[in-house]
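The values are calculated or read from the model by the stated rules, or taken from the named source; none is laboratory data. Predicted model, so just to flag it, every value in this text is computed and none were measured. Cβ placement follows ideal geometry from the backbone for every residue including glycine, while neighbour counts extend to all protein chains displayed.
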Amino acid sequence: MKQGFLTFLLVMLTGCAAQSTQWVTFPISQGGKGGTLEAWLKQHPLKADQGTGIEELSRGETASAAIVQIRKQQPLHVHENHDLTAILLKGYGTLTVGDRKLELRPGSIVTIQRGTPHSFLNKSPEPAVAYAIFNPAFDGRDFVLVQQESLVKVQKK
């Protein structure tokens, strides 16, 4: 039984989800009707001059969830007061977290602790799309750009 569950979980995380996004339903908290990710994105596209978009889907006392769309690159930044868990739903690219570089594809899941510098470079032809969970609930202001020079100074100390 345990081996069967682990096999199922491994399959879900490593490829089946990448084949289709039909399993994603959005969101009961915004009007009571679900739908596919593609339908949601058609209703909430990035504007032509917009590099990154974030739209909150739900909010509770201890967390909030949002869809993040990144056209090309999200600059190096930190969230000083929020932990972030993100699931890449569409697209692929390189996530830089601290001094590590991770190649992400649909189904990749990452957790970034507050105060950790991170950025994302979208390598796919269309905007990358992630489901992001912030703890505590995101206030919309906790996005602090990090200068490369100051990051080097901090790492040398």
Inset, instruction - Would you be able to tell me the number of residues in the stretch 62-104 that are crowded, with 17+ Cβ neighbours inside 10 Å and basic (Lys, Arg)? - result: 2
Inset, instruction - Considering (1) within 27 Å of residue 36 (Cβ to Cβ); (2) in contact with a Ser or Thr (Cβ under 6 Å, 6 or more places away or on another chain); (3) modelled with pLDDT under 95, say which one residue 98 fails and leave the rest. - result: (1)
Legend entry - Matching residues in the stretch 35-94 - criterion: being part of a strand (DSSP E or B), of a type in the set (Ser, Thr, Tyr) and in contact (Cβ under 8 Å) with a residue 60 or more places away in the chain: 64
Legend entry - Subset of the stretch 96-138 (residues that are more than 19 Å from residue 65 (Cα to Cα) and aliphatic (A, V, I, L, M)): 97, 102, 104, 121
Inset, instruction - Please identify the pairs in which a residue from the stretch 118-146 that is within 24 Å of residue 92 (Cβ to Cβ) has its Cβ atom under 6 Å from the Cβ atom of a residue that is part of a loop (DSSP other than H, G, I, E, B) and among the aromatic types (Phe, Trp, Tyr), counting only partners at least 6 apart or on another chain. - result: 123/92; 124/92
